[in-house]
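Report on the structure given below.
Here, each number is a calculation from the coordinates, and none is a lab measurement. Just so it is clear, the structure is predicted and the values come from calculations on it, not from any experiment. Heads up, the Cβs are rebuilt from the backbone with ideal geometry, glycines too, and the neighbour counts pull from every protein chain shown.
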Amino acid sequence: MSGRAPARVGVLGGGRMGAGIAHAFLLAGAHVTVVERDASSADAAAVRVRGIIARSIERGDAPPGWIERGDAFTTSTEIAAFAACELVIEAVPEDRALKADALARVEAAQRPGAVLASNTSSISIDDLAAGLQRPERFVGLHFFNPVPASALVEIVVGASTDDAVVEAARGWVAAIGKTAVVVRDSPGFASSRLGVALGLEAIRMLEEGVASAADIDAAMELGYRHPVGPLRTTDLVGLDVRLGIAEELHAALGERFAPPQLLRTLVAQGHLGRKTGRGFYEWSTP
Ligand SMILES: NC(=O)c1ccc[n+]([C@@H]2O[C@H](COP(=O)([O-])OP(=O)(O)OC[C@H]3O[C@@H](n4cnc5c(N)ncnc54)[C@H](O)[C@@H]3O)[C@@H](O)[C@H]2O)c1
């Protein structure tokens, strides 16, 4: 399916994810406005977006000189800057109260037909929709990190989300050259639920001495063509991050997501994966 990018896109929060999302829509021809909480964060977001653009020019994904496309990219500290946007994607930190407040303020600044999306990786879309005036125009757009290198976007459909919004979202995801999967709002959506299930079982197998970490990963990499095995993936994501998601899924979905003791122990010891130099593997570069 091919699609057309919205003419004007807003991104709230220009951090790691927001900058990548802004870049994806800029590359697809949209005008993009990133709104940040203060002037220095807005400057930092602009540096991040321009850095991603520069790397995509080096890779040949964007024409040289493209960075000069002046007015296509703006930053602001005023949510009112979203007034003309067809689509606004919220990418502020994963904090329920922060997101609820930010989404309500963005919605109040949007024109009525516009779509509001959240890039939350774990908070229920229906919970976030509860504080909105137009929940039918709200949808989850879950991007993956790093955005430029990830082919997938999960479209997370709330109980109130309009079918037309889902269809529009499919078109926009296609327009930025990514593939959408459509998931009903549920704990862990599709990606985290399946990824964490495999990761936790791999940790239990290591705990039980079934095989070494390298052999468990090789079984999935070579036997099932996973590009990266479940234990190495856990090291890359961060053991603390995975433990947090497992605890949420445990509470929502029951015992099959109970975090293994080995995961708790490694996190308590500060072995969080690549970022600390040790997880299930030793890492020389963070
Ligand atoms: N990092 C990942 O691997 C990843 C992957 C998928 C989804 N997500 C989700 O994306 C969202 C953002 O994560 P991130 O890693 O980009 O975080 P981040 O901390 O890098 O960026 C968050 C940005 O939001 C800004 N911000 C904070 N409060 C704000 C406010 N009130 N108004 C405007 N801007 C504000 C911060 O200044 C910062 O630049 C989270 O919901 C996270 O769960 C993250």
Average the reciprocal distances over every distinct pair of alpha-carbons in region 141-265, invert the result, and give the Kirkwood radius in Å.
-> 16.0 Å
Sort out for me the Cα centre separation of region 1-26 from region 205-277, rounded to whole Å.
-> 31 Å
Note: region 50-180, point scatterers on Cα, Debye, no solvent; log10 I/I(0) at q = 0.12 Å⁻¹ equals -0.51
How large is Rg/Rh for region 192-276, to two decimals, with Cα atoms and a Kirkwood Rh?
-> 0.94
Would you compute the Debye intensity of the chain from its alpha-carbon atoms alone, equal scatterers and no solvent, and pass along log10 I(q)/I(0) at q = 0.08, 0.11, 0.13, 0.14 Å⁻¹ to two decimals?
-> -0.37, -0.69, -0.94, -1.06
Starting at the first residue of region 79-95, write each ³J(HN,Hα) from the Karplus equation 6.51 cos²θ - 1.76 cosθ + 1.60 with θ = phi - 60°, in whole Hz, x for Gly and Pro.
-> 4, 4, 5, 8, 4, 9, 7, 6, 9, 10, 10, 8, 9, 7, x, 6, 9
Extension gain residue 194-residue 7, at 0.36 nm per residue separation less the Cα-Cα distance, in nm?
-> 63.8 nm
Loop-resident sites, region 1-93, for GluC sites (Glu not before Pro), counting at most 11 other Cβ within 10 Å (DSSP) | 78
Expected max-MSF residue from 214, 114, 129 in the GNM of the chain (alpha carbon, under 10 Å) is 214
Fewest to most neighbouring Cβ within 10 Å: what's the order for 285, 233, 179?
-> 285, 179, 233
Centroid-to-centroid separation of region 74-121 and region 123-189 [C-alpha atoms, Å] | 14 Å
Gaussian network model of the chain, Cα springs within a sub-10 Å range: biggest mean-square fluctuation belongs to which of 18, 113, 171?
-> 113
Among beta bridges assigned by DSSP with both residues in the chain, the antiparallel ones amount in percent, to the nearest 5, to 20 percent
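Taking the Cβ of each residue in 250, 23 as the centre, tally the other Cβ atoms inside 10 Å and list the residues starting with the fewest.
250, 23
At 222 nm, what value in deg cm²/dmol follows for the chain if DSSP H runs of at least 4 each add -39500 (n - 2.57) and the sum is divided by all its residues, to the nearest 500?
-13500 deg cm²/dmol
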Quick one: order 281, 224 by neighbouring beta-carbon count within 10 Å, fewest to most.
-> 224, 281
What is the ratio of the Cα radius of gyration of region 1-113 to 2.2 N^0.38 Å, where N is its residue count, to two decimals?
-> 1.04
